[in-house]
Amino acid sequence: MKKLVVANFKMNLTSSEIKKYVMALAPKFNSDKVDLSLALPFVSLESGKFLLSGSDISLTAQNISEEECGSLTGEVSGAMLKDIGVQRVIVGHSERRTRFKETGKSINKKIKIALKNRLQVVLCVGESLIDKNSMKSQAAITAQVDEALKGLYENELENIIIAYEPVWAIGTGKTASVKEIEEGIKVVRKAIETAFSKKAATEVRVLYGGSITAKNISQVVGVAGLDGVLVGGSCLDVATFIYIISVCEAGAKK
Ligand code: PGA
């Protein structure tokens, strides 16, 4: 199965900078081993779609409104994203949970609205440093998975990808060890098994994210049961990111 590589630009690079970036990346990308998606800022999605036409690179949004439409100044709806050719959306990123106070209930609503608009979801879950230090990682991850996927039918999981992103590893330069990533993936799959079924737990795609770099990518991509990666800071330099993609391709061949 192909590895999924998602580049999370967060609030970085202007549309002009992204234009240059995509023009450097797209001609170099052609892979039967990696599915590549760029999670661009909202304002660059439509021009990104145009620039990526003819390439195999898809578009991911970084957020979605939990409501269908209406008087919600500053929000962007699922229908708007679908209309401009976005394929999937990141939901529940820890920066949104902590900085923007997104709750499990809101994340659950966002997932349902994304699926209704035929958008795939990259659901981010992961323990905080406090959870980790108090041995509560498993409980924290399980609760996040349960809340986010409440009320979903099992067949809807084919459009859900779960990114295990320990909060203490995001943007900190502290990547989780192979053992920690394996353990996180195991907890995610166990939570899916309990909430849905063993089959669902085996089939759900699980990514890792958190301080992935050119240095540690080969170690990360070799983790058993990992279906891909979510790359933040290290995607911003196009040469570094092309290298990361090439390592993922090599890893996918194994
Ligand atoms: P990072 O971000 O690679 O900069 O740690 C990952 C993420 O937030 O998805």
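Bear in mind that the values in this text are calculations on the coordinates, not laboratory data. What you see is a predicted model, and the numbers here were worked out from it, not measured in a lab. Positions of Cβ are generated from backbone atoms using ideal geometry, with glycine treated the same way; all protein chains shown enter the neighbour counts.
GNM on the chain, alpha-carbon springs under 10 angstrom: the most fluctuating residue among Pro41, Pro27, Pro166 is Pro27.
Which of the listed residues, Val76, Phe42, Leu13, is farthest toward the dipole's positive end in region 1-91, when Lys, Arg count +1 and Asp, Glu count -1 at the beta-carbon? Result: Leu13.
Of Glu154, Glu95, the sequence from fewest to most neighbouring Cβ atoms within 10 angstrom is Glu154, Glu95. Computed from label points 7 Å out along Cα-Cβ, the spacing between Lys109 and Tyr243 is 4.4 nm. Counting beta carbons within 10 Å around each of Phe9, Phe196 and listing the fewest first gives the order Phe196, Phe9.
Pairs exceeding a 25 Å alpha-carbon distance, out of Lys2/Lys190; Lys3/Lys82; Lys20/Lys110; Lys2/Lys186; Lys82/Lys150: Lys20/Lys110. Who wins for biggest fluctuation among Ala24, Ala140, Ala39 in a Gaussian network model of the chain, springs between alpha carbons below 10 Å? So, out of Ala24, Ala140, Ala39, the one fluctuating most is Ala24. Zone of Thr194 (label point 7 Å along Cα→Cβ, backbone N under 11 Å): which residues in region 114-141? Residues passing the 11 Å test: 138-141. For the chain, the relative contact order is 20 percent, taking Cα pairs closer than 8 Å that sit 6 or more residues apart in sequence and dividing their mean separation by the residue count.
Which residues in region 1-37 place their backbone N less than 13 Å from a point set 7 Å from the Cα of Ser53 along the Cα-to-Cβ direction? No residue passes the distance filter. Of the candidates Val86, Val22, Val125, which one comes out as most mobile in a Gaussian network treatment of the chain with C-alpha springs shorter than 10 Å? Most flexible of the set in this elastic network: Val22. Fully extending the segment from Lys20 to Thr213, taken as 0.36 nm per residue of separation minus the present Cα-Cα distance, adds 67.3 nm.
Cβ-to-Cβ counts within 10 Å put Cys248, Cys69 in ascending order as Cys69, Cys248, the fewest first.
Counting only residues at least eight positions apart within a chain, or on another chain, the aspartates and glutamates with an alpha carbon under 15 Å from that of Lys109 are Glu66, Glu67, Glu68, Glu75, Asp146, Glu147, Glu156.
Dipole magnitude for region 101-254: about 220 debye, using +1 per Lys or Arg Cβ and -1 per Asp or Glu Cβ, origin at the Cα centre. Partner aspartates and glutamates whose Cα lies under 12 Å from the Cα of Lys19, excluding those fewer than 8 positions away in the same chain, are identified as Glu46. The slack between Leu129 and Ala224, meaning 0.36 nm per residue of separation minus the straight C-alpha distance, is 31.8 nm. The slack in the chain from Tyr153 to Glu75, taken as 0.36 nm per residue of separation less the alpha-carbon distance, amounts to 25.4 nm.
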